[in-house]
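What follows is a short report on a single structure.
Derivation of every value follows stated rules applied to the coordinates shown; laboratory data play no part. Given the structure is predicted, the values throughout are model-derived calculations rather than measurements. Ideal geometry is used to build each Cβ from the backbone, glycine not excepted, and the neighbour counts take in all protein chains shown.
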Amino acid sequence: MALLDYYTKLYTELNPTSPQAISVTIRQCVSYFHCSDRNTKLIIRRLHEEGYISWEAGRGRGNTSKITFLKPLDKVIKDEVMHDIREGKLDKALRFLNEHALPETILHECHGLLQSHFGFQVENQKEKSIDILRIPMRRHFATLDPAFAAITSEAHISHQIFDCLINYNVVTNQFEEHLAHSWTTNVPKTEWTFYLRKGILFHHGKECTSQDVKFTFQRIRDQLKQIPCRWYLDDLDEFKTINDYAFTLIFRKPKGFLLHLLSSINCAILASDVGYDHEHNIGTSPFRILKYDKKGLLLHRFENYFKERALLDRIELLFAPHLVNKMKRYDVPSLSSKEKGYHAKVHQENGCSFLLFNFRVNGIQEDKNVRCAIRALINQRELISKLKGNRFAPASRFIPSHSKLHPRAQETFDDAKRYLVNSSYNGETLHVYYFDHKETLNDAVWLKDKAEKIGLNLSLHAFPLENFYEHEVEEKADILFCGEVLEENMELGLANLFKNSTSLLRRFLNDEQRKTLDHLMQFFIEELDSEKRMQKIEEIERSLTEDINIIYLYHNLREMTFHAALAGITLNAFGWADFSKLWIKP
């Protein structure tokens, strides 16, 4: 820790309200600094010598000393933040602000100083202009392993680093060549042959070959690694290498859905000599990782990308939760441009917010009448009208157009009371978990208030997304507020929702429910006709609704605002812009 860190810690712990001396013991300082008596005394002496404090030592062991703070905390911190900004060390300034329990007034002023340095920036380095997109992040990434990507932010960032064999085009509803330039299959769809482009380089310079594809698929199928999308290839009988640029996949059963699966970021190809390394993420995509740690993620344009190179030079995603709601994601605060003002793109998500009941733990939530009572309490239109925000329309299915075809009949408050009376509920507390952000918290508080009126006790618990892959939530939650945003390939998104082991919906089902779901999904995976596959999805959603495994809440509508000087803005299904297509109009 730097000397200023110790001064800040001491200042915030003792909280002086006047320039008068304050009584303190060495033992207190040891607890503040988390170090030995000897080191604590050395730190205090340095603080005194550097003019931060005046220190009058007490006589004898354990006696009280007197400390006077000589530098106003707001001034020294603002000076340090400005110094870090001038040195281009925004991550260092953010780390300092994030690690100390500073007064709100100081935080507000410092974040104001930092805010103008986020968004799109044009900086001069070695007589060359560098285009940078700097984005504040609310939380740390749970993982950047593409095989585990199950959260929208992680999936989007993985797409910037890694590539798949093929891509799905949402406009044409067709699959397009990417790492593989062509493919063929037999009539029963049990054998698929793919042909790789020559000369594709990974970020560390190795050429991408059939060996890398084989390594990636073997990794996905490795039971010890517990990769969520293992089911993609669970019936793969043989990987037959033809040469460095061609291979055949031989399956035991028809695999009509294979192209959907191979276009998933979960099947992104890794370098066989590196695999997945948290500290050295190696892909083939338009951006390579410069730095990845607790402070953030720095991406740089990959000059040897095999397709059209990115137009931006660098992407910086920095951990700055206090800045997330104070600025536009795609802003250009420092740009002098002919283009003025802002534009907005409205984006309707395919997916919805919903309530899940946990059938993997014993509890009163297993009583269907209790679940019926909660469903009756939830007036979707009232929820949307009262809480507003991004809430757009009542949901009764995951896809908005399907919800319109199957509107939910609204029950009454009296229905809720009747269901609860007919249940086995006897005053137990239901533990309700929610994703740790404001929108979901508001939903949970709204339901808790409703439940209290019929005598139903709910206890609310925040669920940080950083802990998404841990098992605490399915071990402790009775009910979970959550949401699902389907990717552009909605069939693939629905398949992942019902089959991936990281899916919260699947994690909350008991073994018998999973077995039934898997039986229906097997028809889905083998079926060649898209319309018949979606009929199977409707059967699954209808079953989940009738059994009240899930209560659909609402669909979301998001507005993304961006500076008029930006070009290349195309939002994906997750509401993010493709970084490689963005550029700044001078």
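Ordering W55, L196, I220 by the projection of their Cα atoms onto the charge dipole of the chain, which places +1 on the Cβ of Lys and Arg and -1 on the Cβ of Asp and Glu, puts W55 at the extreme positive end. The calculated FRET efficiency for the pair L557 and N379, based on their C-beta separation and a Förster distance of 22 Å, comes to about 0.70. Here the average projected area of the convex hull drawn through the C-alpha atoms of the chain stands at 32.6 nm². Both the radius of gyration and Dmax for the range 366-509 are 15.8, 45 Å, in that order, over alpha-carbon atoms. The HN-Hα couplings worked out from phi for the range 306-321 by the Karplus form 6.51 cos²θ - 1.76 cosθ + 1.60 (θ = phi - 60°) are 7, 10, 4, 6, 5, 8, 7, 8, 8, 10, 10, 10, 10, 5, 8, x Hz, whole numbers, x standing for Gly and Pro.
Based on the alpha-carbon gyration tensor of the range 178-305 and its eigenvalue square roots a ≥ b ≥ c, which shape applies: rounded if a/c is under 1.5, prolate if not and a/b is larger than b/c, or oblate?
Note, shape of the range 178-305 comes out prolate.
For K255, a cut-off of 17 angstrom between C-alpha atoms picks up these aspartates and glutamates, skipping any fewer than 8 places away in its own chain: E191, D234, D235, D237, E238, E491, D518, E526, E527, D529, E531.
Loop-located GluC sites (Glu not before Pro) in the range 1-102 (DSSP state not H, G, I, E or B) with no more than 15 neighbouring Cβ atoms inside 10 Å: E50, E87.
Candidates L505, L405, F69 compared by Cα position along the dipole of the chain: farthest toward the positive end lies F69, with charges placed on Cβ. Placing R0 at 51 angstrom, the Cβ-Cβ distance between D235 and L290 gives a FRET efficiency of 0.80 after rounding to 0.05. Number of Lys-Lys pairs in the range 361-424 under 23 Å by Cα, sequence gap 8 or more or different chains? Lysine pairs, 8 or more places apart or on different chains, close enough: 4. Taking a spot 7 Å from the Cα of Q223 along the direction of its beta carbon, which residues of the range 494-519 have an amide N less than 12 Å from it? So the set is empty, nothing qualifies. The modelled label-to-label distance between L107 and N39, using points 7 Å beyond Cα along the C-beta direction, is 2.7 nm. Each of L311 and E56 was given a label point 7 Å from its Cα along the Cα-to-Cβ line. The distance between the two points is 6.7 nm. Judged by the gyration tensor of its Cα atoms, with axes a ≥ b ≥ c, the range 472-532 is oblate; a/c meets the 1.5 cut and b/c is at least as large as a/b.
Under 21 Å of direct C-alpha separation, and excluding same-chain neighbours fewer than eight residues apart, K206 reaches these lysines: K198, K214, K291, K307.
What does the charge dipole of the range 25-151 about its Cα centre add up to, to the nearest 20 debye, if the Cβ of each Lys and Arg holds +1 and the Cβ of each Asp and Glu holds -1? List each step's numbers first, then the result.
On the way: 20 positive and 17 negative charges, 129 e Å.
Roughly 620 debye for the range 25-151.
Computed extension gain for T429 through V361, at 0.36 nm per residue and net of the alpha carbon distance, reaches 23.1 nm. Placing +1 on the Cβ of every Lys and Arg and -1 on the Cβ of every Asp and Glu, with nothing else charged, gives the range 496-540 a dipole about its Cα centre of roughly 260 debye.
Counting only residues at least eight positions apart within a chain, or on another chain, the lysines with an alpha carbon under 19 Å from that of K66 are K9, K41.
Which percent, to the nearest 5, of DSSP beta bridges fully inside the chain are antiparallel? Approximately 80 percent, going by the DSSP bridge assignments. The range 250-313 and the range 422-446 have Cα centres spaced 38 Å apart. Label-to-label distance for N169 and E539 is 3.3 nm, based on points extended 7 Å past Cα in the beta-carbon direction. Applying 1/(1 + (r/R0)^6) with r as the Cβ-Cβ distance of K404 and V445 and R0 = 22 angstrom yields a FRET efficiency of 0.15. Between R139 and T516, full extension at 0.36 nm per residue minus the direct alpha carbon distance yields a gain of 132.1 nm. Put the Cα centre of the range 5-61 next to the Cα centre of the range 74-90 and the gap is 24 Å.
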